[in-house]
Amino acid sequence: LGDEHTAIDKIQHLHAQMTQSETYEKISSEAKQKIKDLQASINPKEQNNVLLNLLIPSDSLFKSGSAQLNERAADQILNFAEVLEPVKNKVRIEITGHTDSIPPAVGSEFIDNWQLSTERANAVARTFINIGFNGKVIEVNGRSSYDPLFDERDENGKWIKANLARNRRVEIVVKQAF
């Protein structure tokens, strides 16, 4: 009888994993539709408990030097958060702000890029919290310019504007909670 329970438990566990995998695939597909206007890249990754990795260019979310979501971006982030609603108690959400290496303008409300990147991540996190996500499942990070995706200067030391823009981003990583 013990072996039968073990086998049944394994089958139930496998069924739950398959159902969960199908749920995350559906969420990934829906998420792509909800955020298509943000020029974001979304990568489903079922490794290291990462289910989705979303990179959104900051230029799609904020005005230069600002940490206030523009109205269109706020709606898109809200739509994305609503897609995660069915699994909101089964995931952890890491939101990380990134800037380029050019400091905020003189007179800016932000002391430096650490503050700007953190406040941008906070703005996105507040969208999730405002629709009922528990703050305990959300982690906010500001990385300033310390995790660039692309070199910002060419071999002559000149700024590469396209790369500066690509390094300014917000990353949302959705992980399976334990």
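Overview of results
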read-out	value
Surrounding net charge for Ile95, when Lys and Arg each add one and Asp and Glu each subtract one, Cβ distance under 13 Å	+2
Accessible surface of the stretch 57-154, 1.4 Å probe, proportion on carbon and sulfur as whole %	48 percent
Of all DSSP beta bridges in the stretch 71-178, antiparallel share, percent nearest 5	65 percent
Charge dipole (the stretch 89-156, unit charges on Cβ, about Cα centre) - positive-most of Thr99, Gln115, Ile129	Ile129
Local electrostatic count at Ser145 - Lys and Arg +1, Asp and Glu -1, tallied over other residues with Cβ under 11 Å	-2
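The values are calculated or read from the model by the stated rules, or taken from the named source; none is laboratory data. Quick caveat, the model's predicted, so the values are computed rather than measured. Reconstructed Cβ throughout: ideal geometry from the backbone, glycine too, with neighbour counts over all protein chains shown. Note: accessible area is taken over every heavy atom of the protein model, side chains too, but ligands, DNA and RNA are not part of it. Shrake-Rupley method; radii C 1.70, N 1.55, O 1.52, S 1.80 Å.
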